[in-house]
Each structure stands twice: as structure tokens, then as C-alpha cells.
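A.B. asks: The structure's right below; bear with me while I get my questions together.
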Amino acid sequence: MKLAKVIFDIPVEREFFYLCGDNLKKFTRVLVPLGNKRRKGFVIEIEEEIKKDIEYKWIKKVYDASPLINNEIYQLSRILSQKYYCSLGQIIFSIMGHFPLKYNFEFESKKEELFQNQSGFKKEIYLFDNEKEKFDFYIELIEKTKNSLIIMFPEVSIVEKFFALIQGKVNKKILKYYGEMERRERFINFLTSLKEKNLIITGTRISIFLPLSDLSLIVIDSYTDPSYKEKKYPKFNSVEVAETRSILRNIPFILTSYTFSVNDYYEIKKNKVILVDKRDFNKLPEILIINKKWNEIDKKTEFLTEFSSSLIEETILKGKKVGIIHNRKGNWKTFKCENCGHVLRCKNCNSMLILTGENKLFCKYCRVSENIIKKCLKCGSKKIIERVVGIEKIYRILKGLYNDFKIKKFTAEEREIKNDIDIFVGTIIIKEILNQFDFGAIIFPHADSFLNTPYYNSEEIFFIILNEFLWKLKKDTKLILQTKNPNLEIFNSLKNKNFNEFYEKELKMRELLGYPPFSDIIVIEIPVKKSKFFENRVNILRKFIENSDSQILSSDIVDNKKGGKKLKIVFKIEKNKELDFEKIMEIKEKLDFKIELNPEII
Ligand SMILES: [Zn+2]
Ligand SMILES: [Zn+2]
């Protein structure tokens, strides 16, 4: 008889003890009594000594004969629990959440070769301007790497594409691993990674948790893609998880993309990351920044300048296709005086104010809003708001205007598209078909709507999106950005093909205002309850945040998806500082809140 230390998929950081037989191994799943229910738990330790004065309960059922993870994954989970302020149980169960409990194959994990003969941690970013060269580079890495490696992709379709490309060409066993796989097949691949060596893993973000015993390289394809961020709590960023694992194992970490993030630009400048730029800037298509002045708008369309209208006609007459890209998430209005060009700036930080859905002027850095004004403060003109038309309207206007052209609304669900379409109207999802058709022009009629969002990093997000378009297009394609603010650095750097100009400006702004990479942003969301207790606890939380080298940026009550209200507190914490883990977990237990580190958007 021994004692098993068990954790659960609950937001509380606590361990429970149960009596177990002598054969029970650690890192296995069990069924135990908890309160007056039975609950699935995970054994993290077996203790020989049983205290006489405590009355323990017995484990009811054991699901696994051998450990499901190894020490390295356990250690990684411990680090992640502290980093993302969630319980170890939540991390462990998010790794093996939906594995079958019953299975009829035996497995035994390989002895771990932790931290031995490793080549040393280093982080490298490779920028490519085409997929073929990038895939060749991965094949080269596979051939050069001893032992196992993981190559992560942002989407299943690219996993499948790369898998098909290398199958039969390499001398190692290749395993696929992604959430959409059949549950049993995925579980078998998980166990294979535990017991076999010399494997190539091609998968999506969840493959970072495979318990390989001889992992010696991690590669992340298109690492700036938002799909690497976990959508459910705990919302970890798999790129960060991969970096943590590479450091823990002391192995190289390779990232590829069309461009880098602002954070990595900062790291590259500080020589903490090695940059290998394989892009050829001569290959870039022509980028045209079109000033969207009131009097240059084609009155027939309401959203295109006369230049863009004639370009569309010209392109289609040449037999090429046109893509019109709209931001669904953007606001429906933008703010700027049509008469004198005056824009309103934040009194506090001097950055441009944006118009929110509630008709308020909002500073995305200071996160404060003020009431909208009715006329321009400089010249008195009343033409200060532009109404932005949505995808549906763009589509209808074009259809009414061009009877002879075939126009299609393109959505993510589209499978087979005929080649006779002239104009595709859609969101940035159109990037998926750029290689499939001969596009003569890509037009962003409201480029500002990508920037006119309440997120401090909206320019970075848009810049990364534009890079995906730019490097996929042919040299003779024209990329048109219609904007009311043609002098913004993002547009200048694109026009001059000097991309670092954009990163420099963005970094300066972030440093001045203390945003990432100079701090971390944390968002806490608490379901609102009407009681004195609730208010007291929220006050305790606020004080705790303020005393933790942090600054609260905003604290608002917003609508919950389920119809209720939630309190959303956004704050930044000094770089390399963190909240006291035990204290925040204690408050979290009482308030039952969700917490996210550096969200994609805030
Ligand atoms: Zn004005
Ligand atoms: Zn401000």
C-alpha cells in the first residue's frame, strides 16, 4: 500500500492524497472520490510513507499501466502553470484532455535522455519569400538532425501538404499530430512519441507537448500566425511554450516567417536572436498608397477612388483577377476631418484617437475614451466621420455596377472555385487563394479599418497580414492600400520598401508608453456578482495588482458572451516581473476569474 499525490482539472492549485496499490505508477490517470462525486485525476507522485493519523480514501480505478508523460513534460507543465497563472492540473489536462480512457495496447516509455549531448539553445529566425525554399530548408534540417524533431505548422492543410511532400523521402518515421485527428489515432501517435525514437513530428500547435525522449530540434513554420495562440483557457502561446521547452532541453529553436514580430525585432537588435533573411526585396510587387480624399472617391461606388475603379476595369480586361479585402472586425466608421485633414490626438500620449462602436473617441494605448465632437476643432467642418461599407455592401455595389464581370464573395468554407471569377470580395482569407489564380490587383479599400481597432498592436497585426499578401503575390501584381492617413509610418515603410522603418517607429512608441516588449500585458475577466463580498474581493485584487510593479490600464464592465456581465481589468506589468503565484491563485479561487498573458488583442 502506498500513497498517490493526485491533481485535477480545476483552477485551484492543490494536491490530494489517496491510497493505492504498490503497482501504481506516477503520471497516470485515475478515478478517485472527491467530495461526494468521483473525479478523474492525474497522479504526480507516489509516496511510500503513509501518515497514521490521517484517514485516506482509496483510488477507485486506474486507467493507465504506464506513465503517459515523462519528467520533461512534467517540468515544462510546472513552468507553464506559473507563467500563465493556472493550476498544474489545468495544464496537464489540457495536454491529454480527450484521450480515450480505455485502450487495449501496451506501451512502455523510453528512458529519458534529458539534458545530455544536447547542442545548446539558440533561437534563429529565417525569413523566406516562398514556400518551396522554406520546405527544402525543413528537409535539410531533417537530414541534418540526429534524433527526433518537431515541425509545427499553423494549419492542418499545411501539415498534410508537408507530410505528403516528405513521405518516402526521409529515413525516419513521420508522425502527424493535430486536434482534428481521430481521437484514437491521435492517442496512438502520442504514445508512439513516448516509446519510440528518431521521429519526425509534423503537427499543429498541440504537438509541442509530445513527450519525445530524444527531442533535439523544434521548428515553427509561419510563427507570426495567430493560430499558435491557444483559444481556450489556459491560453498559452505555443511559440512561447516551444521556446521554454527548447531552453529546458538546451536544443536549437528555429522560427520561419515572411516577417518577424515587433518583440523579435527588439531581440534581434539586442543580438539575442539570430536573423537569417533569405527574402529578395526585388521580388516584391508594386505597392500603391492611395490617399482617400473626399473628392477623389468614385461616386458610383462610394468606397473606391477613381484610380482604383479604373485599375479594376483595366485588370479584368487583361484577363487577370482582382481581390478586394475588407476587415470584418474593424469599426464601421473612421474619424478624420475631410476638409483640413485634422485628426484628434490623445491629450496624454499624443497618439491618434480612434472611433469606437459606441461612438466614443478612444486611445488604444492609454485605454481611455472621451465623447465624440460634432465638428472639426480646427476648421469647424462637419465632415469628420466616414461611414465604412461592409463586405455585403461592397459586393452588392460591384454587382450592380459591373454586369459583365463575375463577382464572388469568398469565404473560408469555400472549397472548389471556378476559374471564371473576375473579382473576389472577402476578408484576409483571400490570402489562401493567391497562388491559385493570376491576380492583377489586390485592393484594401479601407486600410484604416485595420488600424482603427482598439488594440495597441493593431499596426503590427496589419503589417504582418500585409507581408503575407506581399510575398505571395507575383511581381507584376499591384497592391493598393486606400487610406485617409497616407503619411503613417506603416504606409511609408511599405511604399519605400524599408520595412525596418516601421519596426523602429513601433518600437519607439512601445518604449515610450511601456508596452510589450518593454512590459507584459495581463487581462483578467471576472464574472460580475452583485454583492458586498464581490466588491471587497475585487478591491483586494486591485490593490494586489497595484502593489505588483503593475499599472492598471483599464477596468470596465463589459457584456459576457452568455448574457451576463464581466469585469475586464487590463494591466501591464514590468518586464521580467511577475505576479506572486500563490497569492494570485488564492484570489483566483475566490473570484473564479480568467487570466491571460499577452493576449493577441486586448
Ligand atoms: Zn478640419
Ligand atoms: Zn493616449
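A.B. asks: Specify the inter-centroid distance of the range 218-280 and the range 29-92, based on alpha-carbon positions, in whole Å.
C.D. replies: Distance between centres, Cα-based: 31 Å.
A.B. asks: Could you tell me which GluC sites (Glu not before Pro) in the range 354-453 are loop residues by DSSP with no more than 11 other beta carbons within 10 angstrom of their beta carbon? Let's see the in-between values first.
C.D. replies: Numbers: sites: Glu358, Glu370, Glu386, Glu392, Glu413, Glu414, Glu416, Glu432; in loops: Glu358, Glu413, Glu414, Glu416.
Passing both the DSSP loop test and the Cβ count: Glu358, Glu413, Glu416.
A.B. asks: State the answer as a single residue: which of Ser458, Leu494, Asn295 lies farthest towards the positive end of the charge dipole of the chain, with beta carbon charges of +1 for Lys and Arg and -1 for Asp and Glu, about the Cα centre.
C.D. replies: Towards the positive end, the residue furthest out is Asn295.
A.B. asks: What percent does the relative contact order of the chain come to when contacts are Cα pairs within less than 8 Å and at least six residues apart?
C.D. replies: On the way: 1121 pairs, mean separation 73.8, N = 602.
Contact order relative to length: 12 percent.
A.B. asks: Pop out the Kirkwood hydrodynamic radius of the range 447-602 from its pairwise C-alpha distances, inverse of mean 1/r, in Å to one decimal. Show your work: numbers first, answer last.
C.D. replies: Working: mean 1/r = 0.0551 Å⁻¹.
Value: 18.2 Å, from the Cα pair sum.
A.B. asks: Still on this structure: Once Rh for the range 314-380 is found with the Kirkwood sum over Cα pairs, what is the Stokes-Einstein diffusion coefficient at 25 °C and 0.890 mPa s, in µm²/s? Don't skip to the end; give the middle numbers.
C.D. replies: Numbers: Rh = 14.3 Å.
Taking Rh from Cα pairs, D becomes 171 µm²/s.
A.B. asks: Which shape class applies to the range 23-62: rounded if a/c is under 1.5, otherwise prolate when a/b exceeds b/c and oblate if not, where a ≥ b ≥ c are the square roots of the Cα gyration tensor eigenvalues? Please report the intermediate quantities before stating the final value.
C.D. replies: Numbers: a/c = 2.35, a/b = 1.09, b/c = 2.16.
Since a/c reaches 1.5 but b/c is at least a/b, the shape of the range 23-62 is classed as oblate.
A.B. asks: Continuing with the same structure: What do you get for trypsin sites (Lys or Arg not before Pro) in the range 546-582 restricted to DSSP loop and a cutoff of at most 11 other Cβ within 10 Å of the site's Cβ? Before the final figure, lay out each step's value.
C.D. replies: Numbers: sites: Lys561, Lys562, Lys565, Lys566, Lys568, Lys572, Lys575, Lys577; in loops: Lys561, Lys562, Lys575, Lys577.
Hits after loop and neighbour filter: Lys561, Lys562, Lys577.
A.B. asks: Just name one of Ser77, Phe437, Asn350: the one whose Cα is farthest towards the positive end of the charge dipole of the chain (beta-carbon charges, Lys/Arg +1, Asp/Glu -1).
C.D. replies: Farthest towards the positive pole: Asn350.
A.B. asks: Considering the alpha-carbon set of the chain alone, what are its Rg and its Dmax in angstrom?
C.D. replies: 27.0, 88
A.B. asks: Averaged across orientations, what area in nm² does the convex hull of the alpha carbons in the range 296-344 project? Walk me through the intermediate numbers first.
C.D. replies: On the way: hull surface 19.0 nm².
Mean projected area of the Cα convex hull: 4.8 nm².
A.B. asks: If you look at just the Cα atoms of the range 519-597, how large are its Rg and its Dmax in Å?
C.D. replies: 12.2, 37
A.B. asks: While we're looking at this one, here's another question. Against the longest principal axis of the chain, how steep is helix 458-472, in degrees 0 to 90 to the nearest 10, with axes from Cα atoms?
C.D. replies: It works out to around 80 degrees.
A.B. asks: So for the range 122-277: antiparallel DSSP bridges make up what percent, rounded to the nearest 5?
C.D. replies: Working: 1 of 28 bridges.
Looking only at bridges with both residues in the range 122-277, the antiparallel portion is about 5 percent.
A.B. asks: As a test of understanding, state the convex hull volume per residue of the range 275-388 from its alpha carbons, in Å³. Kindly include the intermediate steps, with their values, before the conclusion.
C.D. replies: Details: hull volume 20.7 nm³, N = 114.
Value for the range 275-388: 182 Å³ per residue.
A.B. asks: Find, to one decimal place in angstroms, the Kirkwood hydrodynamic radius of the range 122-277, where the mean of 1/r is taken over every pair of different Cα atoms and then inverted. Write out the running numbers ahead of the final one.
C.D. replies: Numbers: mean 1/r = 0.0634 Å⁻¹.
About 15.8 Å for the range 122-277.
A.B. asks: Just to be sure I understand the model, the point goes 7 Å from the Cα along the line to the Cβ. What's the resulting Asp420 to Asn359 distance in nm?
C.D. replies: Result for the modelled spin labels: 4.7 nm.
A.B. asks: Taking the Cα centroid of the range 505-533 and of the range 122-175, what is the distance between the two, rounded to the nearest whole Å?
C.D. replies: The distance from the Cα centre of the range 505-533 to that of the range 122-175 comes to 36 Å.
A.B. asks: Within the range 161-250, which GluC sites (Glu not before Pro) sit in a loop by DSSP and count at most 12 neighbouring Cβ atoms inside 10 Å?
C.D. replies: Glu180, Glu182
A.B. asks: Any idea which of Ile125, Leu513, Leu591 is furthest toward the positive side of the dipole for the chain, if Lys and Arg beta-carbons carry +1 and Asp and Glu beta-carbons -1?
C.D. replies: The residue sitting most towards the positive pole is Leu591.
No value in this document is a laboratory result; all are computed from the given coordinates. Computed from a prediction, not measured in an experiment: that's the story for all the values here. Here Cβ is always computed from backbone atoms with ideal geometry, including for glycine, and neighbour counts include all displayed protein chains.
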